[in-house]
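The values are calculated or read from the model by the stated rules, or taken from the named source; none is laboratory data. Remember, it's a predicted structure, so these values are computed and weren't measured experimentally. Neighbour counts are summed over all protein chains in view; Cβ atoms, including those assigned to glycine, are modelled from backbone coordinates with ideal geometry. Accessible surface areas use protein heavy atoms only, side chains included; no ligands, DNA or RNA. Shrake-Rupley method; radii C 1.70, N 1.55, O 1.52, S 1.80 Å.
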Amino acid sequence: MQCMANEGRHSQMLRGVLDICLLAVLDAGPAYGYEMTKRLRERGLASVGEGSIYPLLGRLERDGLVDTYRAASNGGPPRKYYRPSSAGRLALAVGVSEWRAARDAIDAVLAPVKIEVVS
Amino acid sequence: MSDFVEQCRTEWKRLGVPDSIAEEMQSDLASDIREAEADGVAVEELLGSSASDPRAFAASWATERGIVPMRSGRANRRRGRIALIAFTGVAATALIVAALLLATGEPKVGLAPSRATPPPHFLGATASFVPPPSRVQASAAAPIEWMLLCLAIVALGFSAWLWSRWDRPRVPTAPAQ
């Protein structure tokens, strides 16, 4: 039960910042869907929680935050590649700034807490 | 996982996603899943909990891309579920009512006193009571009850079929996250 609650919180937190995470990994270079998942995993985000990156990529595309093009992948079929547009880079900068501010504020609230989970 | 992709394609078709866009999404999704499986990556890592619900996943993707109106996704499913629950409820109620009527209802064929009953008469000097004439009153309720029962069973069967299509596991090997 507690585990499920933690997973729910993890998903909730991810939901608010996954778009910024996707823009961040795309800022390193254009990528297709699965490639983005690999980059997220390499940076420590193994699970995308309840959702999937595909609807989120669709929203980023609809909002003009990413540009897309089709190109052959390494030895595979042509894939749809994504890269941040200028609006996407601006959104990334704003999102990172907001995240850091929120993280600092929450850290300040949680810092005095000395309780830890013993595994 | 081809079954997952196929179900996505079916959902896109149902939602009216243009073929060219649906083919593009299908191709990208199938390629990604194939590559992930080749890398030994669980599908849930790629798709999250969506791995267990391709129709919701497909609707969500198409909706977020702006290809179909917002209400065509989750809201339509919710309305459909409510309608299905209501239909099932009506069918179940009809079945129960029909069964109860058949089990405990009025006799289907009974005797009822005639309203045009002449007063009791006397025969000769000896008074003797002669019961009034009766008429057979046949009730038409029985056929209606049986028809209601049959209709309710058919409706419940149809409802069960709809539920099985609605809730069937899309990807048997992919548990929800």
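Taking the stretch B:35-63 as the range and being within 10 Å of another protein chain (Cβ to nearest Cβ) and not in a helix (DSSP H, G or I) as the test, the residues that pass are B:ASP39, B:VAL41, B:ALA42.
What residue, of B:GLU24, B:GLU11, is within 10 Å of chain A (Cβ to nearest Cβ), of a type in the set (D, E, K, R), open to solvent by less than 60 Å² (accessible area, probe 1.4 Å) and part of a helix (DSSP H, G or I)?
Values: B:GLU11 fails: within 10 Å of chain A (Cβ to nearest Cβ).
Going through B:GLU24, B:GLU11 in turn, just one is within 10 Å of chain A (Cβ to nearest Cβ), of a type in the set (D, E, K, R), open to solvent by less than 60 Å² (accessible area, probe 1.4 Å) and part of a helix (DSSP H, G or I): B:GLU24.
Listed here are the helices (runs of 4 or more DSSP H) enclosed by the stretch A:4-119 that have at least 2 residues being away from chain B (no Cβ under 14 Å) and touching a residue at least 60 places away in the same chain (Cβ under 8 Å): A:86-110.
If the condition is being at pLDDT 95 or above and open to solvent by 30 Å² or more (accessible area, probe 1.4 Å), then the stretch A:29-48 contributes only A:PRO30.
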